1. Please work out which one of (1) open to solvent by less than 20 Å² (accessible area, probe 1.4 Å); (2) more than 16 Å from ligand 1 (Cβ to nearest atom); (3) under 21 Å from Asn24 (Cα atoms) is the condition Gly110 fails and give its number.
2. In the stretch 580-605, what residues are of a type in the set (Lys, Arg) and surrounded by 18 or more Cβ atoms within 10 Å (Cβ to Cβ)?
3. Considering the stretch 323-352 alone, what residues qualify as being out of contact with any strand residue (DSSP E or B) (no Cβ under 9 Å at 6 or more places or on another chain) and either open to solvent by 60 Å² or more (accessible area, probe 1.4 Å) or among the aromatic types (Phe, Trp, Tyr) (or both)?
4. Can you name the residue in the stretch 525-563 that is part of a loop (DSSP other than H, G, I, E, B) and over 27 Å from Asp681 (Cα atoms) and, of all such residues, is nearest to ligand 2 (Cβ to nearest atom)?
5. How many residues does the stretch 487-511 hold that are of a type in the set (Asp, Glu) and open to solvent by 10 Å² or more (accessible area, probe 1.4 Å)?
6. Within the stretch 31-66, which residues are of a type in the set (Asp, Glu) and either within 14 Å of ligand 1 (Cβ to nearest atom) or in a helix (DSSP H, G or I) (or both)?
7. I'd like to check which helices (runs of 4 or more DSSP H) are fully inside the stretch 234-314 and have at least 1 residues that are under 19 Å from Thr144 (Cβ atoms) and open to solvent by 70 Å² or more (accessible area, probe 1.4 Å).
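The values are calculated or read from the model by the stated rules, or taken from the named source; none is laboratory data. As the structure is a computational prediction, the values presented were derived from the model and not from experiment. Methodologically, a virtual Cβ is constructed for each residue, glycine included, from the backbone with ideal geometry; neighbour enumeration extends over all protein chains shown. When the accessible area is computed, the model is the full protein with side chains, heavy atoms only, and any ligands, DNA or RNA have been set aside. Shrake-Rupley method; radii C 1.70, N 1.55, O 1.52, S 1.80 Å.
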Amino acid sequence: MSPLVRYEIRDRVAVVTIDNPPVNALSAGVMEGISDAVERGDDDADADAIVLIGAGTTFIAGADINIFKELKTREQSIERSQAVHARLKQLEDAGKPLVAAIHGHALGGGLEFAMACHYRVAVATARVGQPEVQLGIIPGAGGTQRLPRLCGVPLALDMCTDGKMITAARAKQAGILDAVIDGDLLEGAISFARAREVAKERRRTRDLQDKIRDRDAGLAACQAIRTRLLGVSRGARAPFAAVDAIEACITLDFDAGSRREMELFAECVLSTESLAMRHLFFAEREVAKIPDVPKDTPARAITRAAVVGAGTMGGGIAMAYANAGIPVLLKDVDLASLARGMSVIRKNYESTLSKGKITPEALSQTLALITPTTSYDGFADADIVVEAVFENLDLKKGVFAEIAKAARPDAILASNTSTLDIDEFAAVSGRPAQVVGHHFFSPANVMKLLEIVRGRSTSKEVVATSLKLAKQLNKVGVVVGNCFGFVANRMLAYYMREAYLLLEEGASVSQIDSAIIDFGYPVGPFGMQDIAGIDVGWRIRQYLKSVGKTRAEGPQSAVPDRLYEMGRYGQKTGAGWYRYEPGSRTRIPDPIVEDIAAEEAAKRGIIRHAISDEDIIARIMTALANEGAQVLADGYAIRASDIDVVYVHGFGFPRHRGGPMFYADTVGLRTVLARVNEYRDQYGDYWQPSPLLEKLAREGRAFHGDTP
Ligand code: T1G
Ligand code: NAD
């Protein structure tokens, strides 16, 4: 018997317990251990039924994701799938009632094992799901064949294409679960199993037909979801493969459908898309591991907050706190600015309400957690104060001096600055250990990324508290160093430089944005700047000019400054790189911008020419990777994978491409280096390869260890 699977008899029921911490993943030996134990229970004269349960906090969180990197060929993958399918059939063929008892999560292979059992019971807090598409694969252990048989085609399609978990109540209602247990799960499962034994009931999921019988309705549901996916998958293949597999469940018998699933699984698991998404799965867990901040570093509880500046960001940040149930003061200079800020907040909540994503009661309760104010009264009760006023060094230093007086001595003082030096604020605060950057991304109540900017004196407790707070705010916290623009905006400067120059050289605003959207981003560089505000970038450039710096080496396009001077700040002024009808966020190309680009190109003696989408992507992604390498070499990011997490959660870099550093690895660093050198020769010395890029390319290595 595998040490990861225990066997005992309780009340004439064989209890098979999976014990593979932390999440009972189906690592090597676990699957074998389960089927051996079930076989033993089937033969055990002291057992009338069998219960499968997980030790610790969860049932089974699925296959061990680490295993997939061992799969190198289609044949190897199919062979492995055939072995898994055979084990699940063996479970299904057990002679005694076999009941899965679920707590925590039954995900992926975990739910597939449960569906191969005759019955499934769970506690009310359990969650079940097929999240495989979030790893660029599809269910590979019969999930696309058994799930529709239990809950019908439409729900199976939703679960296998969005990968989201559903509650036990929903799963019971849908027929995935047979009972929700109040009280002790094991006791409940044992009495459930015994009752089945008495009734001589044993139900094989693969024999069920009722919910897949209506072939036309099933096929129609598949077509409908394919159409919907076209609008949201952003180029990812796995969701469509999941639909193909479920379609096979409708059109073929169980064995042929399973075979089709194995083939589609093999295609997905060997894809770069899946490599990229598995890379991100682990990268998103690595970001919380800070080499010099041990896991047991005390993190303080954040129960009350205050935000200074009720503009685009301050308002969103206050919403993020309120959404997490944390009361927050929101201060601005005067009532007019405050009213403007609060009306944007109210409008955002009303739009969420109109989408049915919040109830009227929850809306008013959440909104009530935000207290607008024009004074610092009450700031002494806050565990954290976040500054989000205009991007101006002197203004922010003044505000930091004020909040340092108003806030409790142990309160954390955070700045949402996009680019400025955190140590400057620490110096005026009189408590540098409490000062940290909390760089949210616009819209702050939506974007998942929180760049945690560590100043020279920021304490480990403040770093640990910031990481814990990020989770509390449902954000992904990434600890970065304190350089100009930190990680996200420092690299963004090169992304935008190339976008501006490509525009001057002949590509249009919408061509560049569509190329980036086809690559998989939700919005292109110009559409994004219209959301964030062209004025924010202008303020940063003004500050840099005042200190004799630029954001990125090389030619500085004057187009964005000219738009600023025309009062075109983007969505907030109805025009920016695009035009917007009043009250609409639909981007309308504006020839005025193209004319300005042509004028500026002429001033710089540029002969405008047609540019391909491939060249646009190559230029922009090469600029990102090269500067990313420099950020790593300078030590402002702990790992290359942290940069990937920053770009996926901060700017919507497509998950199925893994992030800018992972994507560069898939292109090959020798190719990336060759491009940097080619661009230097073609466009100028401002293109300089990062020494780290040169070194890794020379050694045939990648940013993430061995080449993917
Ligand atoms: N394989 C390997 N390691 C895993 C793992 C898995 N499936 N799930 C979690 N871990 C590790 C994780 O890296 C972390 O490690 C630790 O466990 C705690 O995780 C055949 C093909 C269950 C909701 O996609 O969604 O089944 O960082 O920090 O926040 O059809 O983990 O501590 O070293 O995330 O409490 C499908 C993945 C697999 C579920 C718990 N299953 N896991 O969240 O803890 S494919 C999934 C999760 C499959 C079949 C197919 C979450 C969780 P470390 P954590 P958490
Ligand atoms: P904004 O212009 O929309 O809002 C700034 C607000 O600060 C205004 O309401 C203003 O009245 C208020 N303010 C100014 N001085 C103040 C003071 N002394 N006390 C209280 N309130 C004061 O700007 P924004 O886009 O919200 O940017 C705010 C900060 O967030 C900047 O540092 C910016 O760089 C940073 N940031 C912006 C974005 C973005 O996409 N807009 C993203 C991340 C970070």
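1. Here Gly110 meets the rest and fails (2).
2. Step one: filter the stretch 580-605 for residues of a type in the set (Lys, Arg), giving 585, 587, 603-604.
Hit for the stretch 580-605 is Arg587, nothing else.
3. To start, the set of residues in the stretch 323-352 that are out of contact with any strand residue (DSSP E or B) (no Cβ under 9 Å at 6 or more places or on another chain) comprises 323-325, 333-334, 336-337, 340, 343-344, 346-352.
Matches in the stretch 323-352: Asn323, Val333, Asp334, Ala336, Arg340, Val344, Arg346, Lys347, Tyr349, Glu350.
4. The initial filter retains those residues of the stretch 525-563 that are part of a loop (DSSP other than H, G, I, E, B), namely 533, 547-558.
Checking the rest, the ones that are also over 27 Å from Asp681 (Cα atoms) come to 533, 547.
Numbers: Gly533: 5, Val547: 16 Å.
Step by step, filter the stretch 525-563, then rank; the result is Gly533.
5. Let us first name the residues in the stretch 487-511 that are of a type in the set (Asp, Glu), namely 498, 504-505.
From what is left, the residues that are open to solvent by 10 Å² or more (accessible area, probe 1.4 Å) are 505.
Within the stretch 487-511, residues that are of a type in the set (Asp, Glu) and open to solvent by 10 Å² or more (accessible area, probe 1.4 Å) number 1.
6. We begin by selecting, within the stretch 31-66, every residue of a type in the set (Asp, Glu); these are 32, 36, 39, 42-44, 46, 48, 64.
Those that are of a type in the set (Asp, Glu) and either within 14 Å of ligand 1 (Cβ to nearest atom) or in a helix (DSSP H, G or I) (or both): Glu32, Asp36, Glu39, Asp42, Asp43, Asp64.
7. Working: elements: 238-251, 254-269, 272-286.
Passing ranges, in order: 254-269.
Each row is one residue, and each column tells you yes or no for (1) away from ligand 2 (no atom under 16 Å from the Cβ); (2) among the hydrophobic types (A, V, I, L, M, F, W, C); (3) in contact with a strand residue (DSSP E or B) (Cβ under 9 Å, 6 or more places away or on another chain).
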| residue | (1), (2), (3) |
| --- | --- |
| Leu88 | yes, yes, no |
| His105 | yes, no, yes |
| Phe113 | yes, yes, yes |
| Ile138 | yes, yes, no |
